[in-house]
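Structure first, then comments.
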Amino acid sequence: YRNEILSVAAQLESASKQSLTDNSVAIMDFEITKQELNDLFFGENGTVAVQGSGGILQHWHLDSSDPVRQTIADQLNLCFDQMKGRAPSIVGKDAISFRYDLLFILRSVKEYLPFNPPVPTKGDAAMLIGQYSK
């Protein structure tokens, strides 16, 4: 799979370089609503109290009563409200920009996430580690 990843990365790098000199190359940007931002973290139909289907926070196994979930929700709302409608592609809209705003929001929430998840060593993980660690 490594060769496939490197091939796609090379294509992305080439397109990025081409976008600097060729105005016909569209740069990816789209609107993100507050609901979509919350879905990104808490999953579809998720809330602070209940993880929905998917969402970034499903990987942290935070208990629904963990105050970190509320802190993250508050940070998302604060950032969204401060940044909505400011990027050139979404001026005056009740949305943020994928291109200009999302990375900042991800970084602002990162400090609240514990980056010490347990390393999976059983089941499929053991098989994959054995297969690709040669």
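The values are calculated or read from the model by the stated rules, or taken from the named source; none is laboratory data. Model, not experiment: these values are computed from the prediction. Positions of Cβ are generated from backbone atoms using ideal geometry, with glycine treated the same way; all protein chains shown enter the neighbour counts. SASA here: full protein model, heavy atoms, side chains in, ligands and nucleic acids out. Shrake-Rupley method; radii C 1.70, N 1.55, O 1.52, S 1.80 Å.
Points worth noting:
- Residue match in segment 59-74 (condition: touching a Gly at 6+ places or on another chain (Cβ under 8 Å) and either under 30 Å from Asn3 (Cα atoms) or surrounded by 10 or more Cβ atoms within 10 Å (Cβ to Cβ) (or both)): no
- Restricting attention to segment 29-56, the residues that are closer than 17 Å to Gly85 by Cα and of a type outside the set (S, T, N, Q) add up to 7.
- Counted residues, segment 20-64 - those being touching a residue at least 12 places away in the same chain (Cβ under 8 Å) and polar (S, T, N, Q): 5
- Taking the criterion of being farther than 17 Å from Tyr100 by Cβ and under 24 Å from the mean Cα position of the chain (by Cα), the residues of segment 13-24 that qualify are Glu13, Ser14, Ala15, Lys17.
- From Leu78, Leu103, residue being modelled with pLDDT of 95 or more and open to solvent by 60 Å² or more (accessible area, probe 1.4 Å): Leu78
Conditions (1) at pLDDT 90 or above; (2) surrounded by 10 or more Cβ atoms within 10 Å (Cβ to Cβ); (3) of a type outside the set (A, V, I, L, M), marked per residue:
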residue	(1), (2), (3)
Tyr1	no, no, yes
Ser16	no, yes, yes
Thr21	no, no, yes
Ala26	no, no, no
Glu36	yes, yes, yes
Phe42	yes, yes, yes
Asn45	yes, yes, yes
Ala49	yes, yes, no
Gly54	yes, yes, yes
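- Unmet requirement for Val8, which otherwise passes all of (1) loosely packed, with under 13 Cβ neighbours inside 10 Å; (2) within 19 Å of the chain's Cα centre (by Cα): (2)
- Test: residue in segment 120-134 that is within 17 Å of the chain's Cα centre (by Cα) and without any contact (Cβ under 8 Å) to a residue 40 or more places away in the chain: no
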